[in-house]
Amino acid sequence: MALNYHYHKVMEETADTFIEIFKGLQERFPNEIQTNKSHPHSRGEYNVYSTFQSHEPEFDYLKSLEIEEKINKIRWLPQQNAAHFLLSTNDKTIKLWKISERDKRAEGYNLKDEDGRLRDPFRITALRVPILKPMDLMVEASPRRIFANAHTYHINSISVNSDHETYLSADDLRINLWHLEITDRSFNIVDIKPANMEELTEVITAAEFHPHQCNVFVYSSSKGTIRLCDMRSSALCDRHSKFFEEPEDPSSRSFFSEIISSISDVKFSHSGRYMMTRDYLSVKVWDLNMESRPVETHQVHEYLRSKLCSLYENDCIFDKFECCWNGPDSAIMTGSYNNFFRMFDRNTRRDVTLEASRENSKPRASLKPRRVCPGGKRKKDEISVDSLDFNKKILHTAWHPSDNIIAVAATNNLYIFQDKVN
Amino acid sequence: MCPGQTVKGFVEKVSSLDSVPRVAGSREPVSPAPVPYGERQDGRQGDGDGRPPGAPLKGQSERPPGGKRGPCPPLEGRKATGVPGVSLAAEGTMVGGLKRKHSDLEEEEEEKWDWGPAGLRSYQQALLRISLDKVQRSLGPRAPSLRRHVLIHNTLQQLQAALCLAPAPALPPEPLFLGEEDFSLSTTIGSILRELETSMDETETPQNPVAPPGPQNEELPQPDPVFLEALSSRYLGDSGLDDFFLDIDTSTVEKEPALAPPEPPHNFFCTPGSWEWNELDHIMEIILGS
């Protein structure tokens, strides 16, 4: 039916079609409707679950130095009961937090009344059993352990071991091993501090335990190397078991070569077979069985290579980006500037640049891929390198362990994206 | 040095420096100067203090407005204090570089950057200055980032090596130069790292299971300034060592390690051997260098 000639007929037919679709919907699809209601995330809405202050600023009077309350890393512990546990650390102190829900409260105490005041014992004439009554959901966060005074330098990493009992904390020069229950003692397992500090040329930048082998961990350095250590070999893991380093490409050597090779994050794959490192311009995937070079290298923002001088001057070259794997280890993700983040599919070798920004995407609309024009002619919809906003950097991203849901932190906003639900 | 460089073109050269040939002394062809870093297509203005619009605020909040901008040339427009004979360009002109109209930009791009030995050397010296500037500014009330310090230090060493390899121009036979470019630079770096160690050194906290370092680091016969050693002994908690240093008069050069070092003094006459003296030493070399 052509719409122009048969307008009214078309309207009727359309109306009938809609009625057919919606008629009996409640009866035919009760489960799906219920799922939609109880899973608000399928409609793309999130609410803050809990907010708490983990660390406070401190002042070290002996050295006249401020210790910032800024949190450097957060790591969840594997869940063992209804409560959630996480480790959070600032430059000097690690804290274990317990986050639990309370949705019931007891009423009818014998010794105190509803206000909490103690009742006069002589007034109590009968005993009663307190009754549990529902209340508005309350989320409580309480500090369970405080692990302090074990790091002279700034803590950059924490990693929970697969034994669920120990964890490591790493600062610029040392790595310590802790037991989650014991706060007054830690064991130093790596120490790269030279006897003469003037000889210092390399620092530890990140460290992580192997996801399955509780005796194995890796740590990365500011010179772009990764060392894998086995705690069974000796108490102090000064000698590595494996040493991963990619030989430098002499044609791209510059004064900034070392700075951009500094690894800002290292993450094992879920399988434990690979690890991924992030340096300033790229993400590399390493096979643990091959130390000589990575098996994959993905360029994050190669167009910045010609801008390194400016990025050095304004300090952006020291930015520390994180990276993450998806559940099946088939894709990896990392952040960039201008609120861009990058995803790489390891199987199809395709990559995409997306933007986390309220202005440039409507809620529930699919994200449009972005393109950065390295120089010269700028095509339509491309953004030139020089209009990138280097204040808007995405340093932290996270991928849900099993679903295709990602969290992206853009300055002071948190974005949660997911696959489009059909 | 860089004849014909005006302050106007000064800021724009920052981005063109990014297409520097990689290896010192190489003659790789240079791509045409790109649109300056941070300059938007629509010609929007940057911040009032001359920073490119896209640059982060971190690390720049301590800069004087309109001061120290761009690596080259190190003299023009640079706020050089305490050194007589150097012209101090008006700070406002730095800002002018970014607020220029788009048409001015295109005019500048036609100027070819000189990548001969003189241009390269000035680039290296400019990077040197930026690096020293960074080190100086990062010492503040907040504990400095060791990673950043080490990376800048290593870059400084590379620059130093590159500058030494390049034929150094003849220096006047004045005692303060000692005829060695190395001395002032490595002393500067050395004193910076030692200062870092003093402020971040291990304390004798009882919970720390790692044994605090003994006084092995306190070897007297080091050629470096003794006063820093005396200061670091305070943090080792070894009273015996304190007594050892009592006879040394450190009042003229002693300073609080934790406070930010003062700006390069306006007073030209610094104590020989102090940190400021070496910095001045280095500035003089750059001035007389080409």
Based on the Cβ-Cβ distance from A:Thr51 to B:Cys164, what FRET efficiency comes out when R0 is 60 Å, to the nearest 0.05? 0.60
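Could you tell me the relative contact order of the stretch A:320-360? Use alpha-carbon pairs under 8 Å, at least six residues apart, and round to a whole percent.
About 27 percent, as a whole number.
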At 1.4 Å probe size, put A:Arg119, A:Arg349, B:Arg129, A:Arg378 in order of accessible surface, largest to smallest. A:Arg349, A:Arg378, A:Arg119, B:Arg129
Under the definition of partner shielding as Cβ atoms of other protein chains within 10 Å of a residue Cβ, what is the mean value for peptide A:188-194? 1
Do you know the relative contact order of the stretch A:96-143, to the nearest whole percent, from alpha carbon pairs under 8 angstrom that are 6+ apart? 58
Using mean Cβ contacts within 10 Å as the protection proxy, how do B:144-153, B:116-125 order, highest first? B:144-153, B:116-125
Honestly the stretch A:186-277 on the Cα gyration tensor test (a ≥ b ≥ c root eigenvalues; a/c under 1.5 rounded, otherwise a/b vs b/c for prolate or oblate) is just oblate
In chain A, which Cys residues have no partner Cys with a Cβ closer than 4.7 Å? A:Cys214, A:Cys309, A:Cys316, A:Cys323, A:Cys324, A:Cys373
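May I ask you to order A:298-310, A:54-66 by the average number of other C-beta atoms within 10 Å around their residues, highest value first?
A:298-310, A:54-66
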Mean Cβ count within 10 Å, highest first, over the residues of peptides A:93-100, A:387-394, A:408-415: A:387-394, A:93-100, A:408-415
Averaged across the residues of A:314-321, what count of C-beta atoms belonging to other chains lies within 10 Å of each residue's C-beta? 5
Per residue of A:406-415, what is the mean number of Cβ atoms on other protein chains within 10 angstrom of that residue's Cβ? 0
Prolate/oblate/rounded call for chain A, Cα gyration tensor, a/c under 1.5 rounded: oblate
Per the C-alpha gyration tensor (a ≥ b ≥ c, the square roots of its eigenvalues), the stretch A:53-96 is rounded if a/c is under 1.5, else prolate if a/b beats b/c, else oblate; here it's prolate
Exceeding 28 Å between C-alpha atoms, which entries from my cross-link table qualify? They are A:Lys63/A:Lys307; A:Lys73/A:Lys193; A:Lys70/A:Lys392; A:Lys242/B:Lys134. A:Lys63/A:Lys307; A:Lys242/B:Lys134
Given R₀ = 22 Å, FRET efficiency for B:Gln157-A:Glu296 by Cβ-Cβ distance, to 0.05? 0.10
Report, in debye and to the nearest 20, how large the dipole of the stretch A:320-422 comes out about its Cα centre when Lys and Arg carry +1 and Asp and Glu carry -1 on their Cβ. 420
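The values are calculated or read from the model by the stated rules, or taken from the named source; none is laboratory data. None of these values were measured; they are calculated from a predicted model. All Cβ positions, glycine included, derive from the backbone under ideal geometry; neighbour counts span all protein chains shown. Just so you know, the surface numbers come from the protein's heavy atoms only, side chains and all, with ligands and any DNA or RNA stripped out. Shrake-Rupley method; radii C 1.70, N 1.55, O 1.52, S 1.80 Å.
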